[in-house]
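Reading through the structure tokens given below for one structure.
The values are calculated or read from the model by the stated rules, or taken from the named source; none is laboratory data. As the structure is a prediction and not an experimental result, all values here were calculated from the model. Glycine gets a Cβ as well: all are built from the backbone with ideal geometry, and neighbour counts include every protein chain shown.
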Amino acid sequence: MSDEIQSTIAAIEADERALVLPNFDNDDAWRLGCLLVELARERDLPVTVDIRRGSQQLFHAALPGTTPDNDSWIERKVRVVERFGASSYLVGQRAAAKGTTLNEQHQLPLQRYAAHGGSFPIRVAGVGIVGAVTVSGLPQAQDHALVVEGLRDFLAG
């Protein structure tokens, strides 16, 4: 495993341990979603933002420059979070560290699962994973970084 991948995995794992919410309801989804949209608008980023609790979509916004393909990427990234209980970027990096891909490793169809950065589990203290917050439209590391920044700001606010 390369030092870069190992470092990336350690950083993502640390973020997942740190970014735990005290609770999460529909109003929280709205506030987090609006925060992410505002961050993206300030930087003129062409992203789609999606937040779910369980199977219910609580927030969805497609900013200028996005296409329906971003919605497909969101669906595929969310499936990774739901199935593996970790961010889509972490799952992809763990597979890369083994010299493979998630799809090869688990024989999963590319059309249904995307272990690319951008979907992050919503964890509630004392409960566990209750949903996912996802960004699509940028290179995977940037999608992931935007979600992490949004969650940090949300927790700090």
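I need the full set of residues from region 13-37 which are over 23 Å from S72 (Cβ atoms) and in contact with a helix residue (DSSP H, G or I) (Cβ under 9 Å, 6 or more places away or on another chain), in order please.
Let us first name the residues in region 13-37 that are over 23 Å from S72 (Cβ atoms), namely 13-28, 30-31, 34-35.
E13, D15, E16, A18, L19, V20, L21, P22, F24, D28, R31, L35 - these are the residues of region 13-37 that are over 23 Å from S72 (Cβ atoms) and in contact with a helix residue (DSSP H, G or I) (Cβ under 9 Å, 6 or more places away or on another chain).
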All positions within region 82-112 that are touching a Phe, Trp or Tyr at 6+ places or on another chain (Cβ under 7 Å) and either without any contact (Cβ under 8 Å) to a residue 12 or more places away in the chain or closer than 20 Å to S55 by Cα (or both): S87
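Among G128, G118, G137, which is the only one that is at pLDDT 95 or above, out of contact with any Leu (no Cβ under 9 Å at 6 or more places or on another chain) and at positive phi?
Working: G118 fails: out of contact with any Leu (no Cβ under 9 Å at 6 or more places or on another chain); G137 fails: out of contact with any Leu (no Cβ under 9 Å at 6 or more places or on another chain).
Just a single option satisfies the conditions, and that option is G128.
Can you go through A11, A18, A62, A29 and tell me which one is of a type outside the set (D, E, K, R) and within 15 Å of S136 (Cα to Cα)? Can you show your working first?
Details: A11 fails: within 15 Å of S136 (Cα to Cα); A18 fails: within 15 Å of S136 (Cα to Cα); A29 fails: within 15 Å of S136 (Cα to Cα).
Answer to the check: A62.
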I'd like the residue in region 32-58 that is farther than 21 Å from P139 by Cα and of a type in the set (D, E, K, R) and, out of all such residues, is surrounded by the most Cβ atoms within 10 Å (Cβ to Cβ). R52
Tell me, which residue of region 1-17 that is in contact (Cβ under 8 Å) with a residue 60 or more places away in the chain and part of a helix (DSSP H, G or I) is surrounded by the fewest Cβ atoms within 10 Å (Cβ to Cβ)? Q6
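When the residues of region 59-86 are filtered to those that are aromatic (F, W, Y) and under 25 Å from R31 (Cβ atoms), which remaining residue is surrounded by the most Cβ atoms within 10 Å (Cβ to Cβ)?
Filtering region 59-86 down to residues aromatic (F, W, Y) leaves 59, 73, 84.
From what is left, the residues that are under 25 Å from R31 (Cβ atoms) are 59, 73.
Numbers: F59: 20, W73: 23.
This residue is W73.
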Confirm whether A125 is in contact with a Pro (Cβ under 7 Å, 6 or more places away or on another chain), within 24 Å of N23 (Cβ to Cβ) and crowded, with 17+ Cβ neighbours inside 10 Å. no
